[in-house]
1. Among the numbered criteria (1) at positive phi; (2) of a type outside the set (D, E, K, R); (3) touching a helix residue (DSSP H, G or I) at 6+ places or on another chain (Cβ under 6 Å), which single criterion is violated by Gly584?
2. Pairs needed: first member in segment 244-269, assigned by TED's automatic domain parsing to the domain that holds Pro221; second member anywhere, polar (S, T, N, Q) and surrounded by fewer than 21 Cβ atoms within 10 Å (Cβ to Cβ); C-beta distance under 6 Å; at least 6 residues apart or different chains.
3. Residues that are among the polar types (S, T, N, Q): which helices (runs of 4 or more DSSP H) entirely in segment 294-403 hold 2 or more of them?
4. Tally time: how many residues in segment 72-100 are hydrophobic (A, V, I, L, M, F, W, C) and under 12 Å from Cys47 (Cβ atoms)?
5. Out of everything in segment 423-435 that is assigned to a helix (DSSP H, G or I) and in contact (Cβ under 8 Å) with a residue 12 or more places away in the chain, what residue ends up being nearest to the chain's Cα centre (by Cα)?
6. Checking Arg300 against (1) basic (Lys, Arg); (2) under 14 Å from the mean Cα position of the chain (by Cα); (3) at pLDDT below 95, only one condition comes out false. Which one?
7. Output the number of the condition that Glu314 fails; it satisfies all remaining conditions of (1) farther than 20 Å from Ser644 by Cα; (2) surrounded by 16 or more Cβ atoms within 10 Å (Cβ to Cβ); (3) touching a residue at least 24 places away in the same chain (Cβ under 8 Å).
8. Restricting to segment 36-76, and then to whatever is of a type in the set (A, V, I, L, M) and farther than 19 Å from Leu227 by Cα, can you tell me which residue is surrounded by the fewest Cβ atoms within 10 Å (Cβ to Cβ)?
Amino acid sequence: MSVTAPLEPLLARFDRSQCASLAHATSLEWIETDGLGGFASSTLALCPTRRYHGLLVTQPDGFAKRHVFLARYGELLTIDAQQREIAGARHGPETDPSGHAALDSFSLSPWPTWSYRFGDVELRRELILARGVHQVFCRYTLRLPTDPSDAGQAETAPTTYRLELRPWLAMRAADDLTFENDALAPGAIEHANGFTCRPYEALPAIAFTTCRDNARFEAAPLWDKGLYYAQEEQRGYPCHEDQFSPGTWTFELEPNRSIVVAAALVDPVNEPRVACQRAATRRHLVVTTALARFEFDQARHAIAAHDFVYRTPERRTGVIAGYPWFLEWGRDAYLALPGLTLALGEVEECGEALSTATRFLSNGLLPNIFGTSVESSHYGSVDAALWFARAVRLYELAGGDPARIADELLPALLEIANAYADGIPRLDVHCDEGGLIVAGRPDLNPTWMDAQTSAGPVTPRDGCAVEINALWAFLLEHLEMLTAALEGPRAKRVWSERRRRAKKTFLERFWLEDEGYLADAWKDGVADRSVRPNMVLAAALEFSPLKRVHRTKVVDRARAELLTPRGLRTLSPNDPAYVGRYAGGCDERDGAYHQGTVWPWLFGFFCEAHLRAFGSRKGPRRELLALLDGMNEELDRAGIGHVSEVFDGDPPHRPGGTIAQAWNTAELLRARVMLKDGRP
């Protein structure tokens, strides 16, 4: 079944001219996900530049972290007696893998596919990651000219082709590095069409199988020492490690006939060719469905959205915050969930994710970082539960199941609101005399601008933060509506009173009449007048303390000082504390993270606030759609098919952070729907 040709206009394809530069080919990264929170990822050149790069990177059942199991394959193609390396890794900044020279093209149509050319011989590698299981497949196909005369020298054409694979194993947590050690067990156990090895007793075994009976495995334990990761060095982290291989696998290749190699945790894959085709069919369906349902640009983001929604071993629906290093973070999950699901018409998938999250409620809070239970989760976010509440409202507006809302989600909203009103000592959360939420301490910032350096919080926002209290007022008004509808007019009285007091105090503390925008925070009678995008979040909400005139002025100020072609800056460049470049070591990057760095997800809220302020006039909508279209350039720039986590505040707005971030994809999808519909 040929599936690549009709999809190439949709997904990224890079030809020889783009693959020739190793620097360019290692600056582009791809990722495939398994629906369990795991992935396969590397560079276009298959030369790893991060500790996170690998072909089987997953979180086994019972483990709190992702682990890199299969890092890569060493690949050697022999044509008659001539050996040719394919792909490869670096052992220092000045060493280049020789196999890159033969790379002719790369595409994502609909899975990572590489073509290497050696004269008239083409070797194609396809990588297909199974969904819902810990399995990865590599399919190799040797192609020759269909007519021997095409080669021009048929009488000297090579007659034997051999592929030698050496699996390189990391067998470590994805955040760690590994080095040669005596604790590793180097042996491998051969079985039908493959072998299994378990280098460390504490980790699951990894099993390799193939569809070819003539494959030969030779035990030849070896360490590859001093692998070099350029991206880790740039980010200020240790950048060398060693990897282990149990031996080599040799295949006699036949022209135009594929071989399939499977790697899986614990148990070998039965019938790898069939299992590979099953995984390919499923992935192909995701891509073709998106192409059939959506226009070109929205379809690419819809495919990206598929990478973030996942299932836990307990069958809970969750959202991975970003790849390659984030897992499930509550704030990111509930902020992104509407865009990842409702914007694509997946209403009940959103409802299921909301319902299954309620078991993690603890004293009114939802986790900032999810574990496998309440006890193993981290509750350090004041706004995760408030973003959850907003997601419930958007689910309701999208036609969500009324019974689910009444029986499961309303009780959760009541628990959240009552806990915030009564006080949550864990985060120094309480409702003050003005009816607003106070949270945090000078050494604890539980809002989304939570970066810390060795000197403490970079953006101290303890006290009353503007978006926290806008979300609080939103929740109070929603509860007023829900309780009145489901329990009768008398039930809403307590929420009506709280809502009126909170809205009045909100305007008194945050609205800066002379300046015409919202303060970012308020503490002990002093307003923080920093121009930040948190005021845009407040202006975007359906239930807001702001009148239309307030929303209009907030949008105008944000357009003038925060809006860029890649999203909103986190601080006005007119501010002395502004940092325009996100780069350097950990402290330098954290120091810029919320001090001017651009975040694409904020553009979704800017569009929503714009529509609420100015309505659906076609001129401004076209301008916003043009900005949104411009962001599609990033889909082929760093993380192929995804928009990077952050960008420099200063032009030309270089990408940085993760190569794929859930709330970016979600809000760009939601923005497109809003702008096309002409309503938030």
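The values are calculated or read from the model by the stated rules, or taken from the named source; none is laboratory data. Keep in mind the model is a prediction, meaning the values are calculated, not measured. Note: ideal-geometry Cβ built from the backbone for every residue, glycine included; neighbour counts use all protein chains shown.
1. Here Gly584 meets the rest and fails (3).
2. Glu252/Asn214; Ser258/Thr141
3. The qualifying helices (runs of 4 or more DSSP H) are 347-357.
4. 3
5. Here the answer is Leu427.
6. (2)
7. Failed condition: (2).
8. Ala64
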